[in-house]
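Have a look at the structure below before the remarks.
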Amino acid sequence: MAFFDKSNLRGDIMGGITAGVVALPLALAFGEASGAGPIAGLYGAIIVGFFASLFGGTGAQISGPTGPMIVVFAGVFAGLAGEPQLVFLAVILAGVIQILLGILKFGQYIKLVPYPVVSGFMSGIGCIIIALQTARLFGHEPVGKGTIPALQSIPGAVADPNWIALGLGILTLVIVFFWPKKLGKFVPGALAALVIGTLISVAMPGAPILGDIPTGLPSLIIPTLTQDAMFIVLEAAVLLALLGAIDSLLTSLVADNMTRTRHNSDKELIGQGIGNGIAGLFGGIPGAGATMRTVVNIRSGGSTKISGMIHGALLFAVAVSLAPLAEQIPHSVLAGILVKVGYDIIDVAYLKRAHKGPRWDLILMTLVLVLTVFVDLITAVAAGVVLAALAFVKQVADIQLKNMASVEPGTDHPEELRMLREAGGRITVFDFGGPLSFGAAADLGHQVRDKWKDGQAALIMDFSRVPDVDLSAIKAIETIAEDAESAGKQLLISGASGEINDLLHGLDVGQKIPENHWFADRTVALTYALEHLKQRDLNDPNAAKVAS
């Protein structure tokens, strides 16, 4: 198979050019919002966009700076006092981590992050972007770094606006939100807002503008690491790598749905890692798969990696020749474009119908959103994944406990049903309907005690449908065996596979259950228990009377 698929060359060229035009204002805006400057945003879009497409595993994907990545990178830039050797070392390390994730085939696991968690942190990031840009819409810079200082800066900015900046910001918002779709096919709303807002600013000066922007080729940055900054750099690298991986693979799924293809998750992670690693070496801000630009590319005809590479090449031509023209772009125009980006990231579609879905999912999404905005992304995602996993374990455990409740075999087992009725309720059968998880094991002992009342003589635990057990389940079985021994009751095991048998005996649980109480078949175990019960009744007739 050829490395480059040239069967759709015309469509890829059109898709790449269109995606590049859409990416231009966003790259400048993201670069400015990150603190590294507009040209760093442009370098990031060029390098990540080109190399992630060249080495990635999603044909039509367009990569570059994204809202979630910029929120994290801006925090890193502020936390490391803008030291480029440290800041971009975090980007390089993030790329290396993504490459390792791809090599170790972690792509399939990253996609398992629950939707409420993804929705919550994406929506939280959207809220952060809007909060960080609101003061800039009024012609002011936020005082301090982070979401809380940005929110605290808003009242002062509203009370003392730069009217020209505010007018340009409002005009930008109107254009990006209400730009006609028919015109959007030829000129994206964000690009139109950028050009119109900048031309008005040149004619009516007074709003803060970007100012000097370097032009030409990027310079190589030699990364360094100090002991004081080691933890911050490593933490930032891990967060950037994981967030970029999730962001990219979610966009890959979108591309799959539109193109009816299937991406290679691990190869995509390697491509993203190479792109981010090289971007860090040349002072470019980190990126990931960009959903909007990918959709634009596909709708414009792009379908292979050639389109993403053309998108990067177009932006490179802009960077080496037209950067001085970008110096006149007002901050408030870029702020307006980013407010629209933030709004698009917020999961408005889910929020509108969330009350109709599971209540727990809404609570989880809200919790992750609040933690993202007011604490940090690591805490939000970690808490969300842990809570989602615990909720899932509880749900599975409830199902398992329901399935393992004491049963009376139905019409498929008439002989077993007859024996149970003959026993008069003094023999209990527990049929484990599948894997026995640690969540279910926690309540297994209580379930047995509830069913194993006074007068009952035997309990049969059937493992016929259990493929495996973990340590928690084994300890629960050990407790049940000890209870049976102290109460003088029979505990019988049926259907335990060789592996389960070995595990139980290897951890000394099997030794607490007599060897003649292990059976390959549940019917045989029932027959044994019933015969033993009859023999006991013959020896002690009063026992049968008490039981009845």
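The values are calculated or read from the model by the stated rules, or taken from the named source; none is laboratory data. The structure presented is a predicted model; accordingly, all values stated were derived computationally and were not measured. Here Cβ is always computed from backbone atoms with ideal geometry, including for glycine, and neighbour counts include all displayed protein chains. To get the accessible areas, we keep the full protein, side chains included, count just its heavy atoms, and leave off ligands, DNA and RNA. Shrake-Rupley method; radii C 1.70, N 1.55, O 1.52, S 1.80 Å.
Taking the range 94-108 as the region of interest, how many residues are under 15 Å from the mean Cα position of the chain (by Cα) and either closer than 21 Å to PRO286 by Cβ or surrounded by 15 or more Cβ atoms within 10 Å (Cβ to Cβ) (or both)?
4
Residues that are at pLDDT 90 or above and crowded, with 24+ Cβ neighbours inside 10 Å: which helices (runs of 4 or more DSSP H) entirely in the range 238-327 hold 2 or more of them? Lay out the reasoning, then the answer.
Numbers: elements: 265-281, 291-299, 305-321.
Those helices (runs of 4 or more DSSP H) span 265-281, 305-321.
Of all residues in the range 135-175, which are assigned to a helix (DSSP H, G or I), in contact (Cβ under 8 Å) with a residue 24 or more places away in the chain and more than 23 Å from PRO205 (Cβ to Cβ)?
Correct list: THR147, ILE148.
If a residue must be outside any helix (DSSP H, G or I) and within 13 Å of the chain's Cα centre (by Cα), how many such residues does the range 363-388 contain? Steps first, please.
So in the range 363-388, the residues outside any helix (DSSP H, G or I) come out as 375-376.
After this cut, where a residue has to be within 13 Å of the chain's Cα centre (by Cα) as well, the list is none.
Final tally of qualifying residues: 0.
Residues being of a type in the set (A, V, I, L, M), under 18 Å from VAL76 (Cα atoms) and surrounded by 16 or more Cβ atoms within 10 Å (Cβ to Cβ): count how many of those fall in the range 139-160.
1
Say we look at the range 170-204 and pick out the residues that are of a type in the set (Gly, Ala, Ser) and within 33 Å of the chain's Cα centre (by Cα); which of these is modelled with the highest pLDDT?
ALA193
So which residues in the range 102-116 are at pLDDT below 85 and of a type outside the set (Ser, Thr, Tyr)?
Keep residues of the range 102-116 that are at pLDDT below 85, which gives 107-115.
Hits for the range 102-116 are GLY107, GLN108, ILE110, LYS111, LEU112, VAL113, PRO114.
Under 6 Å between Cβ atoms, which residue pairs at least 6 apart in sequence (or on different chains) link something in the range 39-55 that is within 14 Å of MET309 (Cα to Cα) with a partner that is among the basic types (Lys, Arg) and in a helix (DSSP H, G or I)?
Sorted first by the residue in the range 39-55, then by its partner, the pairs are SER53/LYS305.
Do we find a residue being open to solvent by 40 Å² or more (accessible area, probe 1.4 Å), among the β-branched types (Val, Ile, Thr) and in contact with a Pro (Cβ under 8 Å, 6 or more places away or on another chain) anywhere in the range 228-237?
no
Which of the following residues is at pLDDT below 85 and either of a type in the set (D, E, K, R) or open to solvent by 50 Å² or more (accessible area, probe 1.4 Å) (or both): ILE399, ILE363?
Numbers: ILE363 fails: at pLDDT below 85.
Going through ILE399, ILE363 in turn, the sole match is ILE399.
Yes or no: GLN85 open to solvent by 50 Å² or more (accessible area, probe 1.4 Å), of a type outside the set (Lys, Arg) and in contact (Cβ under 8 Å) with a residue 60 or more places away in the chain?
Criteria met by GLN85.
Please go through the range 465-517 and give me each residue that is small (Gly, Ala, Ser) and exposed (fewer than 14 other Cβ atoms within 10 Å of the Cβ), ordered by number. I'd like the intermediate steps shown before the answer.
Here is the first cut: in the range 465-517, the residues small (Gly, Ala, Ser) are 472-473, 476, 481, 484, 486-488, 494-498, 506, 510.
If the condition is that a residue be small (Gly, Ala, Ser) and exposed (fewer than 14 other Cβ atoms within 10 Å of the Cβ), then SER486, ALA487, GLY488, GLY498, GLY506 are the ones that fit.
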